Amino acid sequence: MEHKEIAVRLRAMAKSFGGTKILDDISIDFLQSSVHALVGENGAGKSSVGKVVGGYYTPDEGTLEVFGQKVERFSPRDALGLGIAMIHQELQLVPEMTVVQNVFLGQEANRAGFLRKGDLARFHELEKTCDFGLDPHARIADMRIAERQKVEIMRAIARDARVIIMDEPTSSLTEDEAERLHQLIARLKARNVTVIYVSHFLDHILAHCDRVTIMRDGHVIRTDDMAGETKQSLVESMLGAASEISWPALPPAPDRAHTAIVEMREVATDTGLSDISLEIAPGEIVGLIGLVGAGRSEVGRALFGADPITAGSYSIAGVMQSKRFNIPKAIAQGIAFVPEDRRKQGLVLTQTTRPNISLASLGAISSRGFISTRKETARVRAMIEHFGIVPAATNGEVAYYSGGNQQKVLLSKWAIERPKLLILDEPSRGVDIGARRRIHDFIIEMAKAGVAVLLISSELEEVINLSHRGYLMSEGRIFAEADCRSLSVEDALRRIFKEQDAAPSSKEAQAR
Amino acid sequence: MSDTQLSAQAPRPSFKISPGDFAREYGVLTIIVVLMIALALISDSFLTARNLLNIINQSAPLAIIACALTLVIIGGGFDLSTGAIFGVASVSAGWVAVQIDPYMAILVGPLVGLVLGAINGCIITGFGVHSFLVTLATSLVYRGIAILITGGALIPVRIEQFSWLGRGRIGMVHVAVFVLLIVMIIFMVLLNRTTFGRRVFAVGGNEEAAILSGIRTNLIKIMTFTLSGMAAGLAGVIAVSRISMASPQAGTGMEFEAIAAVILGGTSIMGGAGAIWRSIAGVLLMALIGNGFNILNINPFFKDLTTGVIIVVAVALAASGRKRR
């Protein structure tokens, strides 16, 4: 094997927060021009290692060397100066500014502080390397997460970063977007860039990384070359024991002769949906299969009354809904919606576990507006136990919980009053394997209890394996229905791409 | 392998409280205790029931405003019009007391405040404009209305059936202190024991999550501003009744004192977190500083300076705690 220089070296590094050691005795060498994966369950400390290297956390003990140079205290700014850029799970862009402005933020073409032209040309130059196809003048606030991430990556490249830390880069990307990201990573590697790749997606890691460090409970379990690793070997090291990667068994598909819980006919919305017809029966798990931007979340929002329906008809349990259908009415009729971004749309992070879990069902624990604390505590305790939320405290600071436990709190909020229709948007995004399995079991539990479930996920494998039936979506429309028990991920992708290729021509035909 | 084993492996956040956390959490109480001990040592007249009751009595109107303002701020809003509403309520109550009926006047103050507060709330939610801008504008309008009501003049109100509210005592305790106590208890119960309180926290902590939980967030906001207006109106009546004079300029600058007290107490200006007791403590701390300067006979210029420095320190402490999130 060829000898590679060490880009970043961590030796016996430790970091604590509020008395808890989140990282202990971390020693890792990140080699130059290699793609180095950090894997482990949520809470294992892999993101924290990224943040130490990126200058966001100052280690309490141990040393950090960058290209042979020992670094004492350093900030994200110092890290950038040394050529280290971090791309966060929660992206850090200025929403009101355009793509170009964000890419060159802080290093705009200027003369003595006065802006000059030229950034656009620089942008096009960068685009040759990246090939993202971004509109330089689009406003960040109008873009989806996947596109924002591309902007963030361009920003790192624009700064000539020699080390790029990517924290869960593919978690909000579709398969083909992830593929393009991996091609970009290969190009970066050819340009002597080191990529530190933090991810849950073992398939991606196995296919695209050169080395891997496996972490558990704030410790490094081992660092090895990727050659010779398998999914099983990685998972074994992550969990500390052999564990199967499997899907829970689906309950038998319900008889669809029953009245559907919800039924939409040719529904359109201002959020880009058109011609949406669907129905979901009690006890049935229905998946929305499509790429990011296909309008999957928008269907969930329309069913929940979060966006008004502008055309078509919508009935719940056979009762036609009026134009003034809204979220409180949806909840009153037993519809629950677990949104995709749990920190921004789901949880009130200033509050503890108890009020978060009760928020959508205050009516059940109160009379004349007064809350019965005794009743509430008992109900919340039961949910914490049911989901195995850690820490198992009703007054836990949700803001500091791991992703998996935050998601369990959010699911508790909607499961505490059993819904008739449960809409789950990315229920297992950014959660560890244990929590993920618990969430999948929960979906099955709900279906067995007669709840209709609408499952939305960017991970096609997840939707297809957990659903009875699926609707294939593209560009705001449902173009086909499929039996998920006989559908493969490859089939689904092929049909979606075929539909996408066909769509522009049909639009042109309409225009004429 | 069972799920419970898996999740048990995750590191648990510790709930140990460090001295820094304690200072952030109970800083205002610590400062109050230190200040009280210092003043008691320096002056014999400080630690008497009479002086302490006086301090509370004098800050009762401000404390009433601060209680309701806490709700607005927890709900993610900001109310700059409390001082002006205080003024309108003062002159309205004064006018009614003299022209119509002194008992009715006592009700008119809070009622006028309620209406003006509701107008604030409706403009803020109806047009989707930030409450800071709306209440800044309405405070000018309301102050103008106060001047129009009296034509700029003062209204003397020397009526016994009216002045008991601000001057009367039950035993040795002032009526206003009882009113404050009742208001405080009502707001504490409202915030901590009712669904309304929960919703206020949710709206301020994460508005989108609140909407997606089926909460009518606009209604909640309107209610917080209405309560804030009502409290400012009640405070105005107490003040008029106390000094037997209604002035259209009454309460000028009071909105900033109330905001300062809420912040000093440690309620987050970002919304979603805070408590009524904090704001009461904030008001008391400000009153103690004032009382201390009186007792020690120091140039009152240093009073504002000291209050300002303490607010900066308190806010900096709170911010240093937030950074870690």
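Things to note:
- Alpha-carbon Rg with Dmax, taken over chain B, Å: 21.2, 81
- Helix-only [θ]222 nm of chain A, DSSP H runs n ≥ 4, -39500 (n - 2.57) each, per residue, nearest 500: -10000 deg cm²/dmol
- Low-density loop cleavage sites - trypsin sites (Lys or Arg not before Pro) in the range A:266-370, where at most 15 other Cβ are within 10 Å (DSSP): A:Lys323, A:Arg324, A:Arg368
- Crossing angle, helix B:102-127 versus chain B [Cα axis fit, 0-90 degrees, rounded to tens]: 40
- Computed across the range A:376-435, the Kirkwood radius stands at 12.0 Å (inverse of mean 1/r, all Cα pairs).
- Length-normalised contact order for the range A:6-239 - Cα pairs under 8 Å, 6+ apart - percent: 30
- In chain B, the calculated helix contribution to ellipticity at 222 nm averages -25500 deg cm²/dmol per residue, counting -39,500 (n - 2.57) for every DSSP H run with n ≥ 4.
- Shielding by partners - mean other protein chain Cβ count within 10 Å, residues of A:349-356: 5
- Neighbours of A:Ala186 by Cβ distance under 13 Å: Lys/Arg scored +1, Asp/Glu scored -1, total +1.
- Taking the longest Cα principal axis of chain A as reference, the axis of helix A:489-511 is set at about 80 degrees.
- Cα lying deepest toward the dipole's positive end in chain B, options B:Gly76, B:Leu154, B:Phe293, charges on Cβ: B:Gly76
- The value given for the protein assembly as shown is a Kirkwood hydrodynamic radius of 30.1 Å, derived from the mean inverse Cα-Cα separation.
- Averaging 1/r over every pair of different alpha carbons in the range A:6-239 and inverting the result gives a Kirkwood radius of 18.3 Å.
- Placing +1 on the Cβ of every Lys and Arg and -1 on the Cβ of every Asp and Glu, with nothing else charged, gives the protein assembly as shown a dipole about its Cα centre of roughly 2500 debye.
- Taking a sphere under 13 Å around the Cβ of B:Val157 and counting the other residues whose Cβ falls inside, with K and R at +1 and D and E at -1, yields a net charge of +1.
- Peptide B:62-73 has a mean of 0 when you count, residue by residue, the C-beta atoms of other protein chains within 10 Å of its C-beta.
- The modelled label-to-label distance between A:Arg139 and A:Thr63, using points 7 Å beyond Cα along the C-beta direction, is 5.1 nm.
- Nearest 10 degrees, 0 to 90: helix B:82-99 Cα axis against chain B principal axis: 30
- FRET efficiency for A:Met320 and B:Cys122, using Cβ-Cβ distance with R0 set to 25 Å, rounded to 0.05: 0.20
- Mean Cβ neighbour count within 10 Å, used as a protection proxy, ranking B:256-263, A:273-280, A:435-442 highest first: B:256-263, A:435-442, A:273-280
- The value for the range A:344-418 of Rg(Cα) / (2.2 N^0.38 Å) is 1.00.
- Sparsely packed trypsin sites (Lys or Arg not before Pro) within the range A:55-123, loop by DSSP, other Cβ within 10 Å at most 10: A:Arg73, A:Arg116, A:Lys117
Since every read-out is calculated from the coordinates, none of them should be taken as a lab result. Small disclaimer: the values here were computed from a predicted structure and weren't measured. A quick note on method: Cβ atoms are made from the backbone with ideal geometry, for glycine too, and the neighbour counts reach across all protein chains shown.
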